[in-house]
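K.L.:
Let me begin by handing over the structure; questions about it come next.
The values are calculated or read from the model by the stated rules, or taken from the named source; none is laboratory data. Not measured: the values here are computed from a predicted model. As a convention, Cβ positions derive from the backbone with ideal geometry for all residues, glycine included, and neighbour counts pool all protein chains shown.
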Amino acid sequence: MSTQQLPEHPDFLWRNPEPKSSYDAVIVGGGGHGLATAYFLAKNHGMTNIAVLEKGWLAGGNMARNTTIIRSNYLWDESAAIYEHALKLWEILPEELEYDFLFSQRGVMNLAHTLGDVRESMRRVGANKLNGVDAEWLDPKQVKELCPILNINDNIRYPVMGATYQPRAGIAKHDHVAWAFARKCDELGVDIIQNCEVTGFVKDGDRVTGVKTNRGTINTEKVGLCAAGHSSVLAEMAGFRLPIQSHPLQALVSELHEPVHPTVVMSNHVHVYVSQAHKGELVMGAGVDSYNGYGQRGSFHVIEHQMAAAVELFPIFARAHVLRTWGGIVDTTLDASPIVGNTPVENMFVNCGWGTGGFKATPAAGMTFAHNIATGTPHRLNKPFALERFETGALIDEHGAAAVAH
Amino acid sequence: MLLISCPNCGSRDETEFHYGGQAHVPYPENPNELSDRQWAEFLFYRDNTKGAFAERWLHSTGCRQWFNMLRDTVTYEIQAVYPMGTPRPDAAGRVTPDTGTASTAADSTTTGNASPDISGTNASATAPSTSSFSTTAPEGATK
Ligand SMILES: Cc1cc2nc3c(=O)[nH]c(=O)nc-3n(C[C@H](O)[C@H](O)[C@H](O)COP(=O)(O)OP(=O)(O)OC[C@H]3O[C@@H](n4cnc5c(N)ncnc54)[C@H](O)[C@@H]3O)c2cc1C
Ligand SMILES: [Zn+2]
């Protein structure tokens with residue numbers, strides 16, 4: 001085969017620089033949150049002498065493993081504020097980043113299958129409206145009108161009793177989101193360094209002054225941790241603890257199909273969430289495996305359970321096939337809310353605990369975390385999510401809205 | 001799916017069990033004297049070890065007894081199964097010296113066994129008599 005037949009390599013979206021010996025700030029983790037943080041540090045705070053260190057390849061963690069659901073219909077004021085801010089940023093980011101990452105506001109439905117679900121859902125719709133988040137309650141007939149392939153018969157094990165619906169919610173192509181941020185970061189002068197694993201920290205008393213990596217020690221004024229499932233491991237290196245448990249979370253896709261599924265459907269009760277990707281695959285997510293795990297894989301029975309629920313809700317899926325399954329490592333907290341803020345180590349900041357649902361928050365996490373790193377104090381939107389809440393007891397319990405996963 | 005060797009019932013599918021999180025988290029001795037920080041540690045902070053991790057499991061659809069397990073959180077390999085109330089065996093399967101109480105039970109589960117049998121064919125080796133340790137009141141049972 002002659003090499004002349006191969007097309008030109010497309011333009012590289014970012015350089016692959018060697019690490020410098022020192023930076024004004026170092027972000028650990030090249031997932032969505034790390035990249036968004038670097039982007040807003042450069043754009044909003046003029047900090048361009050910074051680096052993102054990624055132990056593997058860019059977006060090889062949860063960023064390109066998630067089911068890409070974006071919504072902001074969370075219960076409490078603190079959550080609604082940050083997730084809705086994220087949704088507003090998603091609405092302008094394709095233009096701002098000059099990259100069409102196929103953000104599709106096709107709506108998200110959260111099904112209710114029990115009286116408890118119905119009450120919780122209606123309460124959440126009410127709370128959302130008060131917070132300016134678009135939300136509606138749909139009865140089963142309206143559910144069927146919006147998503148005709150859903151089975152709303154009452155002779156199934158968990159009949160559909162209604163749903164919450166957020167019309168502005170939707171999906172986006174996660175890998176393209178990462179590339180969009182990476183390209184802009186690079187243009188602004190940020191060094192994105194892949195294959196660079198942080199193995200320790202240099203400290204002067206309680207203050208961090210550098211990071212140790214497999215490619216040498218790098219001095220830095222500030223460190224921002226964006227390591228998702230590995231946050232506890234990094235915190236331990238730095239000498240503090242996080243109230244995080246890491247679990248495997250799985251997702252899967254079918255082969256390509258004609259467009260059959262017009263929206264996004266999530267069911268907390270029967271543990272499945274489904275959308276159809278632009279190319280045509282059915283994309284489905286499962287629940288977490290019960291045990292702590294750092295392997296990027298989970299148990300098959302979790303998938304079996306999820307498929308049973310999917311086929312009951314969407315009878316036509318019985319003819320589809322599972323083509324690929326994979327897992328990520330999600331960093332869960334006890335109140336199903338993230339941790340964004342200062343740490344016991346001076347000049348070290350942490351953004352983690354987004355667990356099963358942090359993709360949707362990427363732009364707002366990046367914006368607020370950048371503010372926190374640059375100024376040393378939290379942004380109004382991330383202040384309630386500080387580590388201190390586990391001491392004060394001001395938890396932000398989002399188990400109803402966050403539920404199984406998403 | 002993990003194949004877990006219950007000390008009482010032998011090898012069973014993971015779906016029969018309930019996960020109980022980190023083992024060896026004792027209830028505070030003097031709860032009234034704890035600071036908010038210490039309460040936070042007890043209520044919300046658990047180790048999140050990458051590697052060998054001592055954790056509790058409940059055989060919820062079997063004998064309904066709690067037990068401890070040493071499992072690698074990266075490979076998911078089960079390295080030891082041992083009774084509640086006994087000290088954590090180290091990764092090599094030996095019991096680490098401890099002031100722990102039921103040391104006989106611990107010995108009978110782990111002695112000279114680098115990787116306690118989890119196939120179920122050798123269940124007796126990992127199943128000390130229930131009378132030698134308490135399976136009903138795990139220390140620090142928070143779940
Ligand atoms: C199967 C699945 C489905 C999901 N579905 C959704 C969904 O539909 N909607 C939603 O909102 N959220 C969803 N999520 C959650 C979402 O993906 C995460 O909350 C989010 O991606 C976490 O932020 P991140 O992108 O920065 O994480 P990651 O992409 O995991 O980034 C962390 C990075 O840190 C790197 N790292 C770790 N340790 C080190 C070190 N020592 N040195 C250097 N680098 C290091 C890792 O390699 C990794 O690339 C899902 C997650 C999974 C696994
Ligand atoms: Zn049993």
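K.L.:
Do you know which residues across the stretch B:5-39 are at positive phi and within 10 Å of another protein chain (Cβ to nearest Cβ)?
P.N.:
Passing the criteria: only B:GLY21.
K.L.:
Also, I was wondering about something else. Can you give me the number of residues within the stretch A:57-76 that are in contact with a Lys or Arg (Cβ under 9 Å, 6 or more places away or on another chain) and away from ligand 1 (no atom under 15 Å from the Cβ)?
P.N.:
1
K.L.:
Another question about this same structure. Within the stretch B:55-84, count every residue that is within 13 Å of ligand 2 (Cβ to nearest atom) and of a type outside the set (A, V, I, L, M).
P.N.:
Summing the residues that are within 13 Å of ligand 2 (Cβ to nearest atom) and of a type outside the set (A, V, I, L, M) in the stretch B:55-84 gives 11.
K.L.:
Can you name the condition, by its number, that A:ALA336 falls short on among (1) over 26 Å from A:ALA172 (Cβ atoms); (2) under 18 Å from the mean Cα position of the chain (by Cα)?
P.N.:
Among (1) over 26 Å from A:ALA172 (Cβ atoms); (2) under 18 Å from the mean Cα position of the chain (by Cα), A:ALA336 violates only (1).
K.L.:
Return the total of residues in the stretch A:83-112 being in contact with a Ser or Thr (Cβ under 7 Å, 6 or more places away or on another chain) and away from ligand 1 (no atom under 12 Å from the Cβ).
P.N.:
Residues flagged as in contact with a Ser or Thr (Cβ under 7 Å, 6 or more places away or on another chain) and away from ligand 1 (no atom under 12 Å from the Cβ) within the stretch A:83-112 amount to 7.
K.L.:
Now a separate question. Condition first: more than 14 Å from B:ARG56 (Cα to Cα) and touching a residue at least 24 places away in the same chain (Cβ under 8 Å). Now tell me which residues in the stretch B:17-40 satisfy that.
P.N.:
B:TYR27
K.L.:
If I filter the stretch A:33-56 down to residues being within 14 Å of ligand 1 (Cβ to nearest atom) and among the hydroxyl-bearing types (Ser, Thr, Tyr), which single residue comes out as farthest from the other protein chains (Cβ to nearest Cβ)?
P.N.:
A:TYR39
K.L.:
Further, regarding this structure: Quick check on my filter: what residues within the stretch B:40-88 are more than 9 Å from chain A (Cβ to nearest Cβ) and over 15 Å from the mean Cα position of the chain (by Cα)?
P.N.:
Hits for the stretch B:40-88 are B:PHE42, B:THR61, B:GLY62, B:CYS63.
K.L.:
Of the residues that sit in the stretch A:6-38 and are under 20 Å from A:TRP354 (Cβ atoms) and in a loop (DSSP other than H, G, I, E, B), which one is farthest from ligand 2 (Cβ to nearest atom)?
P.N.:
It comes out as A:GLY30.
K.L.:
Also, I was wondering about something else. Is there any pair with a first residue in the stretch B:44-65 that is without any contact (Cβ under 8 Å) to a residue 60 or more places away in the chain and a second that is within 16 Å of ligand 1 (Cβ to nearest atom) and in a helix (DSSP H, G or I) whose Cβ atoms are under 7 Å apart and which are 6 or more apart or on different chains, and what are they?
P.N.:
Every condition considered, the pairs that remain are B:ASN48/A:SER232; B:LYS50/A:VAL233.
K.L.:
Do you know which of the residues in the stretch A:176-219 that are within 14 Å of ligand 1 (Cβ to nearest atom) and polar (S, T, N, Q) is nearest to the other protein chains (Cβ to nearest Cβ)?
P.N.:
Only one residue fits best here, namely A:THR199.
K.L.:
At least 2 residues that are closer than 30 Å to A:ALA374 by Cα, touching a residue at least 12 places away in the same chain (Cβ under 8 Å) and more than 14 Å from every other protein chain (Cβ to nearest Cβ) in each: list the strands (runs of 3 or more DSSP E) lying fully within the stretch A:270-349 that qualify.
P.N.:
Hits in the stretch A:270-349: A:339-342.
K.L.:
Taking the options A:LEU41, A:LEU93, A:LEU75, name whichever one is in contact (Cβ under 8 Å) with a residue 60 or more places away in the chain, assigned to a helix (DSSP H, G or I), surrounded by fewer than 24 Cβ atoms within 10 Å (Cβ to Cβ) and away from ligand 2 (no atom under 16 Å from the Cβ).
P.N.:
A:LEU93
K.L.:
Condition first: away from chain B (no Cβ under 11 Å), touching a strand residue (DSSP E or B) at 6+ places or on another chain (Cβ under 9 Å) and either within 30 Å of B:ALA40 (Cα to Cα) or surrounded by 21 or more Cβ atoms within 10 Å (Cβ to Cβ) (or both). Can you find one or more residues in the stretch A:242-249 that meet it?
P.N.:
Within the stretch A:242-249 (the criterion being away from chain B (no Cβ under 11 Å), touching a strand residue (DSSP E or B) at 6+ places or on another chain (Cβ under 9 Å) and either within 30 Å of B:ALA40 (Cα to Cα) or surrounded by 21 or more Cβ atoms within 10 Å (Cβ to Cβ) (or both)), the answer is yes, since at least one residue qualifies.
K.L.:
Using the structure shown, decide if A:GLY366 is modelled with pLDDT of 95 or more and assigned to a loop (DSSP other than H, G, I, E, B).
P.N.:
no
K.L.:
List pairs: first in the stretch A:102-119 and part of a helix (DSSP H, G or I), second modelled with pLDDT of 95 or more, Cβ under 8 Å, 6+ apart or cross-chain?
P.N.:
Partner pairs satisfying both residue conditions: A:LEU115/A:MET161; A:ASP117/A:LEU111; A:ASP117/A:MET161; A:VAL118/A:ALA112; A:VAL118/A:MET161; A:VAL118/A:GLY162.
K.L.:
Report yes if some residue within the stretch A:264-277 is at pLDDT 95 or above, of a type outside the set (Gly, Ala, Ser) and surrounded by fewer than 21 Cβ atoms within 10 Å (Cβ to Cβ); otherwise report no.
P.N.:
Among the residues of the stretch A:264-277, not one is at pLDDT 95 or above, of a type outside the set (Gly, Ala, Ser) and surrounded by fewer than 21 Cβ atoms within 10 Å (Cβ to Cβ), which makes the answer no.
K.L.:
Could you list all residues from the stretch A:220-238 that are within 12 Å of another protein chain (Cβ to nearest Cβ) and not aliphatic (A, V, I, L, M)?
P.N.:
Listed by number, the residues that qualify are A:GLY229, A:HIS230, A:SER231, A:SER232, A:GLU236.
K.L.:
Quick one: B:GLY51 ticks every box in (1) surrounded by fewer than 18 Cβ atoms within 10 Å (Cβ to Cβ); (2) more than 16 Å from ligand 1 (Cβ to nearest atom) bar one, so which box is it?
P.N.:
Of the numbered conditions (1) surrounded by fewer than 18 Cβ atoms within 10 Å (Cβ to Cβ); (2) more than 16 Å from ligand 1 (Cβ to nearest atom), the odd one out for B:GLY51 is (2).
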